[in-house]
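Down below is the structure, laid out as structure tokens.
The values are calculated or read from the model by the stated rules, or taken from the named source; none is laboratory data. Since the model is a prediction, treat every value here as computed from it, not as a measurement. A quick note on method: Cβ atoms are made from the backbone with ideal geometry, for glycine too, and the neighbour counts reach across all protein chains shown.
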Amino acid sequence: MNEEKVNLKAPVYIPDSSYRDYRWMGDYETVYRESVENPEKFWEDIAGELEWDKKWDNVLEWDYPDARWFSGAKLNITANCLDRHVNNSRKNKVAIIWRGDDGCERVFTYRQLFREVMRFANGLKKLGIKKGDRICFYMPFVPEHIIAILACARIGAVHTIVYAGFGSDSLHQRIVDSEAKLVITADVSIRRGKRIDLKSIVDEAIVNAPSVERIIVYRRTKPEIELYAEMELDYYSLIKGESFHCDPEIMDAEDPLFILYTSGTTGVPKGILHTCGGYMVGTYYTSKYVFDIKDSDVYWCTADPGWITGHSYLVYGPLAVGATILFSETTPDYPDLGVWWEMVEDFGVTILYTAPTAIRMFMKYGESWPDKYNLESLRILGSVGEPLNPEAFEWFYRVIGKSKLPIVDTWWQTETGMHMITTIVGQPMKPGFAGKPIPGVVADIVDNEGNPVEPGKKGKLVIKAPWPSMMRDVWNNRERYEHYWNDIPGCYTVGDMAVKDKDGYIMIIGRSDDVIIVSGHNIGSAEVESALVDHKAVSESAVVGIPDDLKGNLIVAYVILKEGFTGGEKLENELKYHVRMTLGPISMPSDIRFVQSLPKTRSGKIMRRVLRAQEMGVDPGDLSTLED
Ligand code: ATP
Ligand code: MG
């Protein structure tokens, strides 16, 4: 790999003094050093804040590339997300506030949520669902979704949640791969005032899926759709008459908790397996310390439960810390572009966790929408999913954060289960950089041989030590699991390219699969895209490399313009020049294509492989995760 220098100039934002004395365990450098010098003590101390039925024999058994965390320990994650709070002062605290697409609201206290979870858990038991059975979810964004997830975990069944925007083929693939015994779905999901039929998609998906014995249908609209009595069951009939008490199944720390398929941005989705103990510790730790969630917070994560962000930071992590969670079926642009900011004002949201794709969409339509609302309740902002380019960072910081709020740009993956690299509230921030590895995480940037590269040089991002919430396997694909660990011996290779500055701040410059080699230089897609978005006319962009005899590759850039700008030769030249001035001549695109939209996964990530295939007239590969 050619390790050329990267432009690392970035302003440093020091959080407002009131954020400096936040609740972190101590000063970062000290805590970090202690965490890597004695990782077992570090993780054991965190695990000790939670409730276990039996404590572990060993904190870590590391048989590369297999880790067993808290082996011998017994627990149930729901006992920490529910019982622990109900049995203490949080009994009547609001656990979830839900807002539907039509604006209706529902609120559950911890006690209410607890009871509903136990009742549904009893319903599942009545159907003969046992520990280890897989349950596939294909649910809209309603409270019953969260209730069912927790009920599943309560009885030790393994959930595999499929985002309800996927088509029947994708759902079928996941049901078959995970051999789900039960599917939990609803009649419809409601998006932008329109009903989207879910049940008929499930009907198609279970054809030739012999593992499926039953389907539970949550019917939310009238007249109720008909159910086929042999196999299908109404959500409410299932729980009718069931007791509101259900003891948690006592799980081994290493028992499976869930299987979740990755976003499919770079290829065929992988069924990532997470286990009970380590995942609980990792999501609890990061919810408490990265987000600094306190009892007074109203925490809003805009992700759907169907993504890892929904699993870790909508459901398990925040509930483990006893947070008040807002979640909403609302799309950010319906009924208008002010609806999210109206919700921040209405509910007094204090922590907002969202994705760059949403931020860039808001940027495109300007500041007047958020400016209509009072956003004073906000105290922390978060981002996840793709690199938060400096332009989007600045906008989020200035327009939503009023130039004082901390932004945590959290880098992590389905595979990592929890945040890995981010600034933590109170640390200085640098736009374009996610930040440093959090305590307990040993991350580095290396060349192809695994040698650390010096600051300013590009390389592969790797994790050099096991962490509790790491994936334990790829479902039905041991080889793929080992592949993550074989690329660079001794390391978990994440598949992203990155660069570090002299302070140790890490900038993600793109996916390894999306790197463009021009005249022997590695150009990260995110580098060029950030430079383009930095231009006043550009709202979003994606770049790909097209093979070229002379240079190896040519860079082609797809560009979406902001309102009020039109594409043309003049602007094309201006944009090329802008990239040239920002990054140098090698990174300058040879072609710019002005487009209205970009191919994205259903979780909002740009799928560059689709653009590349289109440019080259070849097969784009697995398209199951592509948004319509
Ligand atoms: P697939 O692995 O199937 O291609 P995916 O990688 O998009 O899909 P996820 O696990 O949802 O699946 O996403 C993790 C990836 O998202 C990371 O590897 C990284 O590329 C990107 N990512 C997530 N958060 C950030 C962030 N804060 N900054 C930069 N990139 C991020
Ligand atoms: Mg990935």
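Worth a mention:
- Residue-level analysis places Thr423 among those that are more than 16 Å from ligand 2 (Cβ to nearest atom), surrounded by 20 or more Cβ atoms within 10 Å (Cβ to Cβ) and not hydrophobic (A, V, I, L, M, F, W, C).
- Residue check for Gly504: surrounded by fewer than 24 Cβ atoms within 10 Å (Cβ to Cβ), over 27 Å from Pro11 (Cα atoms) and out of contact with any Phe, Trp or Tyr (no Cβ under 9 Å at 6 or more places or on another chain): no
- Residues satisfying the stated conditions in segment 260-276, i.e. within 11 Å of ligand 1 (Cβ to nearest atom) and over 14 Å from the mean Cα position of the chain (by Cα): Thr266, Gly267, Val268, Pro269, Lys270, Gly271
- Whichever residue in segment 520-532 is in contact (Cβ under 8 Å) with a residue 60 or more places away in the chain and touching a strand residue (DSSP E or B) at 6+ places or on another chain (Cβ under 6 Å) and, among such residues, is farthest from Arg612 (Cα to Cα): Glu527
- Filter result for Tyr289 (buried (at least 24 other Cβ atoms within 10 Å of the Cβ) and not basic (Lys, Arg)): no
- Each residue in segment 58-89 was checked for being farther than 18 Å from Ile325 by Cα and either assigned to a loop (DSSP other than H, G, I, E, B) or polar (S, T, N, Q) (or both), and 9 pass.
- Qualifying residue in segment 240-251 (condition: in contact (Cβ under 8 Å) with a residue 40 or more places away in the chain, away from ligand 2 (no atom under 16 Å from the Cβ) and on the phi > 0 side of the Ramachandran plot): no
- In segment 79-107, the residues that are surrounded by 16 or more Cβ atoms within 10 Å (Cβ to Cβ) and under 11 Å from Thr330 (Cα atoms): Trp98, Arg99, Gly100, Asp101
- Only one of Lys460, Lys464 that is within 16 Å of ligand 1 (Cβ to nearest atom) and out of contact with any Phe, Trp or Tyr (no Cβ under 6 Å at 6 or more places or on another chain): Lys460
- Qualifying residue in segment 246-259 (condition: closer than 26 Å to Lys54 by Cβ, small (Gly, Ala, Ser) and within 16 Å of ligand 1 (Cβ to nearest atom)): no
- Test set (1) more than 30 Å from His172 (Cβ to Cβ); (2) at pLDDT below 95; (3) more than 16 Å from ligand 1 (Cβ to nearest atom) - Asp297 fails condition number: (2)
- Long-range neighbours under 9 Å by Cβ, at least six apart or interchain, first residue in contact (Cβ under 8 Å) with a residue 24 or more places away in the chain and closer than 17 Å to His245 by Cβ within segment 149-161, second among the basic types (Lys, Arg) and part of a helix (DSSP H, G or I): Ala151/Arg119; Ile155/Lys125
- Single residue of Ser377, Ser368 found to be surrounded by fewer than 21 Cβ atoms within 10 Å (Cβ to Cβ), of a type in the set (Gly, Ala, Ser) and within 18 Å of Tyr299 (Cα to Cα): Ser377
- Segments classed as helices (runs of 4 or more DSSP H), wholly inside segment 295-367, with at least 2 members that are farther than 30 Å from Cys136 by Cβ: 339-347, 356-365
- Residue that is within 16 Å of ligand 2 (Cβ to nearest atom) and free of Cβ contacts under 8 Å to residues at least 40 places away in the same chain, where the choices are Val538, Val515: Val515
- Inclusion of Glu572 among residues that are part of a helix (DSSP H, G or I) and over 23 Å from Pro387 (Cβ atoms) is warranted.
- Residues located in segment 368-391, provided they are among the aromatic types (Phe, Trp, Tyr) and assigned to a loop (DSSP other than H, G, I, E, B): Tyr373
- Looking only at segment 280-311, and only at residues there that are in contact with a Gly (Cβ under 6 Å, 6 or more places away or on another chain) and small (Gly, Ala, Ser), the one that is farthest from Asp101 (Cα to Cα): Gly282
- Condition check for Tyr235: touching a strand residue (DSSP E or B) at 6+ places or on another chain (Cβ under 7 Å) and within 16 Å of ligand 1 (Cβ to nearest atom): no
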